Amino acid sequence: MKTYADTSFLFSLYATDANSPRADAWRQANPAPLPFTTFHRLELRNALSLALFQQRLTQQEVQAAWQEVENDCAARLLVARGGLWHRVLVEAQTYAMNHTPATGCRTLDVLHVAAAKLLGVSDFCTFDSRQSTLAGKVGLAAVSL
């Protein structure tokens, strides 16, 4: 796998928000499988639930989005990757110490970048500019969306 997508990108891909047209266009042009960690699963499920709470999505939209995620997992368009969380947490601490003072990244941003780096991908998809900057600082190519 070449590209890691953070949860902001996945949310825009599976639910509808202001970034969905760009996420959809990128995915159509880049159909290769994406890694999908247990962290993605938790954060995406919570993001969909939060959107329901905030009344940005309906229960039916949340269910449809999650079903699409499950379908893509079954089709191996999203590929489960487990067993890396201890290493991610250790790597993320280094990134936080060395890069957060300059980038202003939040913990979850740093965790995504560390996971991407440890998964060995070369490209990183996000709508978060700080996270994109961090990805570049550790040698990942930020995908222009």
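Based on what the data block shows, is S12 polar (S, T, N, Q), surrounded by 14 or more Cβ atoms within 10 Å (Cβ to Cβ) and farther than 16 Å from L108 by Cα? So S12 passes the test.
For segment 105-145, the set of residues classified as of a type in the set (A, V, I, L, M), under 21 Å from L84 (Cα atoms) and in contact (Cβ under 8 Å) with a residue 60 or more places away in the chain consists of L108, L111, A115, A116, L119, V121, L140, listed by residue number.
Yes or no, residue by residue, for (1) among the basic types (K, R); (2) modelled with pLDDT under 95; (3) within 20 Å of F127 (Cβ to Cβ):
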| site | (1), (2), (3) |
| --- | --- |
| D24 | no, no, yes |
| A29 | no, no, yes |
| F39 | no, yes, yes |
| N46 | no, yes, yes |
| L57 | no, no, yes |
| R76 | yes, no, no |
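Helices (runs of 4 or more DSSP H) fully within segment 1-115 that include at least 2 residues being among the basic types (K, R) and within 23 Å of A141 (Cβ to Cβ): 20-29. Within the set V88, V62, V121, the sole residue that is under 18 Å from L10 (Cβ atoms) and out of contact with any helix residue (DSSP H, G or I) (no Cβ under 9 Å at 6 or more places or on another chain) turns out to be V121.
The values are calculated or read from the model by the stated rules, or taken from the named source; none is laboratory data. Remember, predicted model here, so these are calculated numbers, not experimental data. Here the Cβ is made from the backbone with ideal geometry for all residues, glycine too, and neighbour counts use every protein chain on show.
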